[in-house]
Amino acid sequence: MKYMTKKPIKITEVCLRDGSHTVAHQFTVEQVRNVTRALDEAGMHYIEVSHGDGLGGSTVQYGKSLVNEMELIEAAVDECTNSKVAVLLIPGIGTMSELKQAHKLGASLVRVATHSTEADVSAQHISQARELGMEALGFLMMAHSVPVEKLVEQAKLMESYGAQAVYVTDSAGALLPHQVSERIKALRGSLDVEVGFHAHNNLSLAVANTLAAIDEGATRIDGAVRCLGAGAGNTQTEVLLAVMDRMGMDVGIDLYKMMDLAEDIVGPLIPDTQEIKKGSLVLGYAGVYSSFLLHSERAAARFGLDPRDILMELGRMKVVGGQEDMILDVAAELAKKEKAGV
C-alpha cells in the first residue's frame, strides 16, 4: 500500500455534526463545550459543529434542535485554542445569511454539500465562503450512486467554483474498498485541489474504506469519536488514529487523549450503542442516506411496519439527502398495500 501524499493528512471530527442525528439534535451547550475542549487538547485539526443536516437544518422536517446551532458554534469557537471550527452547509437548507453568521462567530471552514449530481447549486456558497476568507470545501454526497465519470465531472465543477478540496462522501456507507479506491484515484487524477473522504460504517467498512482513500492520496479525512454519527456512525476516529500510528502515519493528534474523551466524555452522550444493527445494516445494503434511519423507524412504528421494508423501498427509489419528507409517503403507501394484501 502506498500511503504517499503531497500534503499532510488533516482530520475533521464530525461527532458534533453527524452525531447530532444520533442524539436527535439535542446537544446542549455544555456538551459541545466539553467535547470541543477535549478535542482541542488532543490536537484535533478541525471540529465540525452544526445541525446534522447542516446550517439551517433545525426544522420540523429534519428535526428541531434543542439549542440554536449558532450558540453551539459560538461555544465551540470559545473552547478552541488550536483546533479550527468547521460547519456544513447544504444549499436549499442552509442560506448565505447563516454562512455569514457562522463565519462571524468564528467558524473558519465550511463544507458545501450537494448530492453527487447537483454540484452546480454549490457555486454561490463556495464563492461566498472564499470571499469571507473561509476555507471552502466541496462535499459530494451519496457518492456510491453515480458512475465515477459523473463524480469527476461534478468534482471539477466544485473546483471551478473555488473549492479547495472535494470530498467523496459515502453517505449511505454503501461503498466497498475497491470502489473507494477507484473514486479517489479518479478525482486525484482530475483535480488540482485536495481530495477528501467521508465514510459511514453501515457495512463495517469505514476504517478500511478510509485507509483505501488515504492510499490513493486523500488528504482530508473525516472521523467521529466513538462512531458518533448517523446510521452505524462514521469512521471511528480513535481507532483510525491507532491504525494510522501502527502504519507510521503521525498526524499530530494525541491518541491517549482521544481514547479518554471517547470513553469518558462522548460515550455517555450516546443513547444506544453504535454497533451495526439491522437498521443501519440495511442502510448500507440498500444504499440509503444514513440520517434516514431514525425517521424510518418512527414512520414504521406509526404505520405498524418493519423499518427495513421502508428503507429497502427508499433504496429502490434512489432517494437523496433532503428528501426526508418522502419517508412518511413511502410508509403510508406500504401500509396501504399491506392492508390490501398486495
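Taking the dipole about the Cα centre of the chain, with the C-beta of Lys and Arg at +1 and of Asp and Glu at -1, give me whichever of 145, 166, 210 is farthest to the positive side.
Checking the options against the dipole of the chain, the answer is 145.
So if we plug the beta-carbon distance of residue 82 and residue 204 into 1/(1 + (r/R0)^6) with R0 = 45 Å, what FRET efficiency do we get, rounded to 0.05?
0.90
If exposed trypsin sites (Lys or Arg not before Pro) are those in a DSSP loop with at most 16 other Cβ within 10 Å, what is the longest stretch of the chain that has none?
Counting only loop sites that pass the neighbour cut-off, the longest clear stretch is 65-276.
Between region 162-197 and region 25-39, how many Å separate their Cα centres?
Measuring centre to centre over Cα atoms gives 30 Å.
So if we plug the beta-carbon distance of residue 257 and residue 340 into 1/(1 + (r/R0)^6) with R0 = 56 Å, what FRET efficiency do we get, rounded to 0.05?
Using R0 = 56 Å, I get an efficiency of 0.45.
Return the percentage of antiparallel bridges among DSSP beta bridges fully within the chain, rounded to the nearest 5 %.
Close to 5 percent.
Quick check for me: using +1 on Lys/Arg Cβ and -1 on Asp/Glu Cβ, what's the dipole size of the chain about its Cα centre, in debye to the nearest 20?
640
Please give the charge dipole size of region 1-62, origin at the Cα centre, charges +1 on K and R Cβ atoms and -1 on D and E Cβ atoms. Round to the nearest 20 debye.
It comes to approximately 400 debye.
Please work out the FRET efficiency for the pair residue 30 and residue 301, using the Cβ-Cβ distance as r and a Förster radius of 22 Å; give the result to the nearest 0.05.
Efficiency, from the Cβ-Cβ distance: 0.10.
Can you tell me which lysines have their Cα less than 19 Å from the Cα of residue 257? Leave out same-chain residues fewer than eight positions away.
List returned: 10, 84.
What number comes out for accessible area per residue over region 29-145 if the probe is 1.4 Å? Units Å², please.
I get 36 Å² per residue for this part.
Starting from the 7 Å offset along Cα-to-Cβ, what nm value, one decimal, do you get for the label separation of residue 332 and residue 117?
Calculated label separation equals 2.5 nm.
Hey, any idea what % of the chain's accessible area is carbon plus sulfur with a 1.4 Å probe?
After summing per-atom areas, the C and S share lands at 49 percent.
Compare the Cα positions of 300, 328, 341 along the charge dipole of region 295-342 (+1 at Cβ of Lys, Arg; -1 at Cβ of Asp, Glu; about the Cα centre) and return the one farthest towards the positive end.
Final value for the positive-end residue is 341.
Could you give the alpha-carbon Rg of the chain over 2.2 N^0.38 Å, rounded to two decimals?
Dividing the Cα radius of gyration by 2.2 N^0.38 Å gives 0.93.
Just grab the label-to-label distance for residue 153 and residue 275, each label 7 Å out from Cα along the Cβ direction, in nm (one decimal).
4.4
Using the Karplus curve 6.51 cos²θ - 1.76 cosθ + 1.60 with θ = phi - 60°, work out ³J(HN,Hα) for each residue of region 69-86 in order, rounded to whole Hz, and write x for Gly and Pro.
Going residue by residue, I get 4, 5, 5, 5, 4, 4, 5, 5, 4, 5, 8, 8, 10, 10, 6, 10, 8, 10 Hz, with x marking Gly and Pro.
Between region 63-87 and region 243-269, what is the C-alpha centre distance in whole Å?
Here the answer is 21 Å between Cα centres.
If amide hydrogens are placed 1.01 Å from N in the peptide plane, which non-local residues have theirs closer than 5 Å to the one on residue 168?
196, 197, 198
The values are calculated or read from the model by the stated rules, or taken from the named source; none is laboratory data. Just so it is clear, the structure is predicted and the values come from calculations on it, not from any experiment. Please note: Cβ atoms are built from the backbone with ideal geometry, for glycine as well, and neighbour counts cover all protein chains shown. Ligands, DNA and RNA are excluded from the accessible area calculation, which covers all protein heavy atoms including side chains. Shrake-Rupley method; radii C 1.70, N 1.55, O 1.52, S 1.80 Å.
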